[in-house]
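Trainee: First the structure, then my questions, so here it is.
The numbers here are math on the coordinates, done by the rules we state, and not lab data. Please read all numbers here as calculations on a predicted model, not as lab measurements. When we count neighbours, we look across all protein chains shown, and the Cβ atoms used for this are built from the backbone with ideal geometry, even at glycine.
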2 protein chains.
Amino acid sequence: MFDVNEYFEGKVKSIAFNTDTLPATLGVMAPGEYTFGTSEFETMTVASGALTVQLPGESSWQTFNATESFTVEANQSFNVKVSVDTAYVCAYGK
Amino acid sequence: MFDVNEYFEGKVKSIAFNTDTLPATLGVMAPGEYTFGTSEFETMTVASGALTVQLPGESSWQTFNATESFTVEANQSFNVKVSVDTAYVCAYGK
C-alpha cells in the first residue's frame, strides 16, 4: 500500500503517501551530507531533528528544525547536512 | 540501516530511527480505525494529516493536527481514527 524507497546506500529511507492535496514522502536521513535533485516543486518540512540546507544558488547554509519548512523549485539541486537522524515530510507540487 | 515495519496488512508502515535522545519511529497510516498497544511511554506527534484519538480511559475523542502531540503511558491501548493518509513521529520513553 505504501511504497518504501531508499537512497544513498540506505542512509535515506522514505515512505510514499498522499496528503489531502499532494503526493508526498515521509523519510529519515542518517547523519551525513547529501545532494538532492528535484523533479518538481518540493516543500520539505522537518518532523524531528534538523536539516542544514544550502538552497539552490545560495552560498550560505540555513538550519531548519522540527516544524520548519523550506521550498525548492523544480529541476534544481540542493545540499543538506545532517548531524542526527532527521525525519522529514516532503510534498511534491504546489 | 533503518528498519521498516508494517502493521494492519500494510495500512500502517513505519521506519525506526533515533532522535538525539530517544528511540523513535516515523510512519504513515492509511484511512481507517486502529487500536495500538504501548509497551513503553510514547509521545506521538502528527507530521501531516490528522489523528482522531481516544486516549486510554477516556470516552471522548480528540483530533490532533500537524505539529500537535499526545502522550500515552506504557502498557495501555488507545484507539485512532484516520480519514486521510497521516504521517507521524512516535518517540519511545521519557
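Trainee: Can you work out which of the residues in region A:3-40 that are within 11 Å of A:Cys90 (Cβ to Cβ) and of a type in the set (Phe, Trp, Tyr) is nearest to the other protein chains (Cβ to nearest Cβ)?
Mentor: A:Phe17
Trainee: Which of the residues belonging to region A:1-54 are crowded, with 17+ Cβ neighbours inside 10 Å, of a type in the set (Val, Ile, Thr) and closer than 19 Å to B:Ser14 by Cα?
Mentor: Correct list: A:Val12, A:Ile15, A:Thr19, A:Thr25, A:Val28, A:Thr45, A:Val46.
Trainee: Separate question: Hey, could you check region A:41-64 for residues that are of a type in the set (Ser, Thr, Tyr) and more than 11 Å from chain B (Cβ to nearest Cβ) and say which is farthest from B:Thr25 (Cα to Cα)?
Mentor: Only one residue fits best here, namely A:Ser59.
Trainee: Quick one: count up the residues across region B:65-94 that are away from every other protein chain (no Cβ under 14 Å) and part of a strand (DSSP E or B).
Mentor: Counting residues in region B:65-94 that are away from every other protein chain (no Cβ under 14 Å) and part of a strand (DSSP E or B) gives 8.
Trainee: Ok, one more. Restricting to region B:42-64, what's the tally of residues that are touching a Ser or Thr at 6+ places or on another chain (Cβ under 7 Å) and not in a strand (DSSP E or B)?
Mentor: The total comes to 3.
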